[in-house]
Amino acid sequence: RMESAGRHVSTYGIAALLAVVPLVYVTDIYGYTLLPKRLAFYGLLTIAATGWLLRSISSNQTISLGLPTLLATAYGALTVVSLLNTTHTTAAHVELTFTICLLGLYLIGTRATNGDIGIWLDALIISGLLSSAIGVLQYFDLAFGQMPTNGKPSSTFGYRNFAAMFLVSAIPACTFRFLYARGWRVILCAASGTLCTLFLLYTRTRGAWLG
């Protein structure tokens with residue numbers, strides 16, 4: 001029972017992370033996009049990690065020490081060592097925390113089943129649909145013009161380059177899911193993929209296409 005509960009917590013925790021983090025922003029603090037997104041990422045990842053730990057403890061599973069895990073661990077170790085040469089200790093520790101969280105996200109992903117991946121793709125596709133709809137409406141000055149931005153259209157990302165970085169990961173997810181979708185998911189993937197592509201074009205970001 002604990003293993004099942006842990007699996008659900010970790011699976012839907014990551015799904016919430018993929019759906020919520022791209023959409024989070026506030027208007028009354030400095031760093032209105034990065035800071036709230038980081039905080040949402042940390043909070044939801046903590047929930048997912050708790051479920052992962054419950055699942056691991058109940059099933060007596062250990063971390064697989066394959067090549068990808070060893071490379072990820074080596075990268076984390078290099079990040080820690082880089083603190084010795086930092087000129088801004090606070091910023092370095094913030095980035096170290098983020099790197100460790102990314103490694104935790106990777107470890108959770110190593111236990112994913114096909115069902116888990118499907119749920120995560122759906123969450124990313126829904127987030128892409130909503131954020132792209134906001135961005136397209138911004139581009140035509142139809143709505144959301146009051147959202148803070150350093151370069152329109154940016155949707156909830158604060159700058160169009162950051163929005164494009166998200167879109168180049170959402171569009172392949174839409175395409176892959178569309179090829180194997182059935183029923184209502186076909187419409188969801190088609191709508192999200194179309195809006196994401198339009199929004200990417202409207203951002204006029206050449207670097208994202210290279211990415």
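GNM on the chain, alpha-carbon springs under 10 angstrom: the most fluctuating residue among PRO68, PRO148, PRO22 is PRO68. Against the empirical 2.2 N^0.38 Å (N residues), the range 1-126 has a Cα radius of gyration ratio of 1.16. Between LEU179 and LEU53, the distance separating the two model label sites (each 7 Å from Cα on the Cα→Cβ line) works out to 3.9 nm. Quick note on the chain: its Rg to Rh ratio, both from C-alpha atoms and Rh being the Kirkwood radius, is 1.00. Here the range 51-170 has 69 percent of its accessible surface on carbon and sulfur atoms, given a 1.4 Å probe and all protein chains in place. Near ILE57, once Lys and Arg are set to +1 and Asp and Glu to -1 for all other residues with Cβ below 14 Å from its Cβ, the sum equals +3.
The values are calculated or read from the model by the stated rules, or taken from the named source; none is laboratory data. Remember, predicted model here, so these are calculated numbers, not experimental data. Here the Cβ is made from the backbone with ideal geometry for all residues, glycine too, and neighbour counts use every protein chain on show. These accessible areas exclude ligands, DNA and RNA; they are computed on the full protein's heavy atoms, side chains included. Shrake-Rupley method; radii C 1.70, N 1.55, O 1.52, S 1.80 Å.
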